[in-house]
Amino acid sequence: MKRVLGLLTGVVFALGVVAFSQATTVDWNWDVYGGGFSGTFTAGDDAQIIFSTDGGHIWGEFHATDANNNPYNYNVDNVNCQVKANVEGGGGVYFKMDRNDSWVPMYGPAGQHTYTGIHTDDGQAYFATNIRSNYADMITHNYGWQANSQYTASGTNFYIGHYIYVASGLNAGISVSGNGSADVTLMSDEMRASGWRFGEGAGCYTNAHASGTGSGTFILGAKAPNNITTGWWGPIGGGSLFVTFRYNNGFNITPINMRGN
């Protein structure tokens, strides 16, 4: 592999909304020693993606498309993104995608987003996602892209955080931090104005679990005003869920899928 030293910065793309025009696509690949790579993809007023990674050795791929297709004349384009990012020798990965537009009369307001942050002081980290946004919702659908282990980290003071947000009081997330390693599998997420699904849905089988070695803290949280349903407890009513598990000799938790509205 070609060695690249220093800092690489991705180009910022500002894309206009043009009905039935040609799709706009970016494809980034990086292989960097002792530096970082970052970029922002802005699909008109429909969606924005912010990505960055840095570390001792980082490599991966990023693909994003603004379809510029305006389906049903709703003035909201389809936006897709696929990422696989590797880190070794310490460092991290940051990813955030905002859904900024919606066909409000039928699907309610926009404002949904997903965020992932992974870091390690001296070990390895990995992140993968296959996500799309349109006039109705935002969905992560990893089937066919990365079926397992979308979020992993190892080493000293590692951290994994993954969150989905619909609106205030309507969101869910997971975090694992400690010394050792952690592996989180979430096949899919769904975010729409009426509610969310975490680790389930999106037209594929539920595949949601987490495990790790060493010592640390596992946290699973959710908010929904009407009802929260978990894969292990079933429906628990509306409000807030906050589960903290401190472990000293590894952990294995399955399933960790949830839904809320």
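May I ask you to evaluate 6.51 cos²θ - 1.76 cosθ + 1.60, the Karplus curve with θ = phi - 60°, for each residue of the stretch 90-102 and list the ³J(HN,Hα) values in order in whole Hz, giving x for glycine and proline?
x, x, x, 9, 10, 9, 9, 10, 10, 9, 9, 9, 7
Compute the length gained on full extension between Val104 and Thr40: take 0.36 nm times their separation in residues and subtract their Cα-Cα distance, giving the result in nm to one decimal.
Full extension from Val104 to Thr40 adds 20.5 nm.
Using amide H atoms built 1.01 Å from N in the peptide plane, name the residues 5+ places from Gln112, or on other chains, whose amide H lies under 5 Å from its own.
Arg99
Enumerate by residue number the trypsin sites (Lys or Arg not before Pro) in the stretch 164-236 meeting two conditions: DSSP loop (anything except H, G, I, E, B), and at most 10 other Cβ atoms within 10 Å of the site's Cβ.
Counting only loop positions with at most 10 other Cβ atoms within 10 Å, none of the trypsin sites (Lys or Arg not before Pro) in the stretch 164-236 qualifies.
Taking 7 Å along the Cα-to-C-beta vector as the label spot, tell me the Asp121-Asn248 distance in nanometres, rounded to one decimal.
2.0
Using the alpha-carbon centroid of each, what span in Å lies between the stretch 141-220 and the stretch 227-248?
Result: 14 Å between the Cα centres.
Give the label of the value calculated from the structure for mean projected area of the Cα convex hull in nm², choosing from (1) 16.8; (2) 16.1; (3) 13.6.
Among (1) 16.8; (2) 16.1; (3) 13.6, the one derived from this structure is (3).
Asp137: net charge of surrounding residues, Cβ under 13 Å, Lys/Arg +1, Asp/Glu -1, itself excluded?
Its environment carries a net charge of 0.
Calculate, in nm to one decimal, what Asn227 and Ser168 gain on full extension: separation in residues at 0.36 nm each, minus their alpha carbon distance.
Going from the current span to full extension adds 19.8 nm.
Mind putting a number on the dipole of the stretch 109-261 about its Cα centre? Charges go on the C-beta only, +1 for Lys and Arg and -1 for Asp and Glu, and I need it in Debye to the nearest 20.
I would put it at about 320 debye.
Taking the Cα centre as origin and putting +1 on Lys and Arg beta-carbons and -1 on Asp and Glu beta-carbons, what dipole magnitude results for the chain, to the nearest 20 debye?
My answer is approximately 460 debye.
Could you compute the FRET efficiency for Thr156 and Cys204, with r as their C-beta to C-beta distance and R0 at 45 Å, rounded to 0.05?
0.80
Taking the highest mean first, how do the peptides 160-173, 239-252 order by number of other beta carbon atoms within 10 angstrom per residue?
In decreasing order of mean packing, 160-173, 239-252 become 160-173, 239-252.
Mind listing the long-range amide H neighbours of Asn257? Cut-off is under 5 Å, sequence gap 5 or more, other chains count too, H placed in the peptide plane at 1.01 Å from N.
Amide H neighbours of Asn257: Gly231.
May I ask for the net charge around Ala43, where only other residues with Cβ less than 13 Å from the Cβ of Ala43 are counted and Lys, Arg are +1 while Asp, Glu are -1?
Local net charge: -4.
For Ser240 and Thr25 in the same chain, what is the full-extension length gain: residue separation times 0.36 nm, less their Cα-Cα distance, in nm?
That works out to 73.5 nm of additional length.
Quick note: the coordinates plus some simple rules give every number you see, no bench work behind them. Owing to the predicted nature of the structure, the values given are computational and were not obtained by experimental measurement. All Cβ positions, glycine included, derive from the backbone under ideal geometry; neighbour counts span all protein chains shown.
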